[in-house]
């Protein structure tokens, strides 16, 4: 099971600023990509899937670069409620059934008032 | 909105005892998973389950661990003889299909004394 690498942070960012996280994955056969958000001592919650064409959901934009094996997340106009750990998640689907996701260690974001 | 439910939310046990962690996946999901997260560390894949059998398991999922779907709704993780290092948050998850987004339960915090 290959790895997913993230800068652990913390990123301390003033409210209203734009912040970007990056993630690299080592398994070139990876096929599905996600950003999850995890609050302290809570379960991971899906923030957004990541597609090759890039996708946007409100203030959040995700990009995938398969050639560089690199995923990014951009948060615009950051809110205090965005403070959390952001998990980069990758799936390698072998076609044999249910394959587990591989999680990065997460990037800790702190939005400061 | 349908959700994955886990019981108990907290479990304290003595080293060497057996524990069973319970999960009810989302009803129309076919793929089930167990993950664990040791405090301060990343979310780690344990096992995936599809069509009433284990689909994939990690090196963590040794002979002390087993999973079962005893009826049409429950999905359980059994640890036969707990060790101190089994102390962690255990998350159950489910998905509609392989490679699709996972929905997590709120977790069971297992403390082995």
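Just so you know, the Rg over Rh for chain A is 0.97, from Cα atoms, with Rh as the Kirkwood radius.
Annotation: for a label point projected 7 angstrom from Cα along Cα→Cβ of residue A:39, residues of region A:55-91 with backbone N closer than 15 Å are A:79-86. Taking a point 7 Å from the Cα of residue B:113 along the Cα-to-Cβ direction, the residues of region B:4-22 with backbone N closer than 11 Å to it are B:12-15. When both region B:10-52 and region A:1-65 are represented by their alpha-carbon centers, they are found 23 Å apart.
Can you work out the base-10 log of I(q)/I(0) for region B:54-113 at q = 0.26, 0.29 1/Å, using the Debye formula on its C-alpha atoms alone? For region B:54-113 at q = 0.26, 0.29 Å⁻¹, log10 I(q)/I(0) is -1.40, -1.44. Counting neighbouring Cβ atoms within 10 Å and putting the fewest first, the residues A:81, A:26, B:87 line up as A:81, A:26, B:87. Peptides A:13-20, A:84-91 ranked from most to least packed by the mean count of surrounding Cβ atoms within 10 Å: A:84-91, A:13-20. Across region B:12-113, Cα pairs under 8 Å and at least six residues apart give a relative contact order of 37 percent. When every Cα-Cα distance of the protein assembly as shown is counted in 10 angstrom steps from zero, the calculated P(r) takes the values 8, 33, 35, 19, 5, 0 percent. A simple spin-label model places the labels of residue A:52 and residue B:3 3.7 nm from each other, with each point 7 Å out along Cα-to-Cβ.
Take the Kirkwood radius over Cα pairs of region B:1-57, plug it into Stokes-Einstein at 25 °C and 0.890 mPa s, and you get 183 µm²/s for translational diffusion. Placing a pseudo-label 7 Å from each Cα along the Cα-to-Cβ vector at residue A:74 and residue B:14 gives an inter-label distance of 5.9 nm. Per the Cauchy relation, a quarter of the hull surface: what is the mean projected area of the convex hull of the alpha carbons in region B:10-91, in nm²? Orientation-averaged projected area of the Cα hull: 5.5 nm². For the segment B:98-111, counting C-beta atoms of other chains within 10 Å of every residue's C-beta and taking the mean gives 5.
The relative contact order of chain A comes to 38 percent, based on Cα pairs under 8 Å that sit 6 or more residues apart.
A short reminder: the numbers here are calculations on the coordinates, not readings from a lab. It should be emphasised that the depicted structure is a prediction, and the values quoted were computed from it without experimental measurement. So basically every Cβ, Gly included, is an ideal-geometry build from the backbone, and we count neighbours across all protein chains shown.
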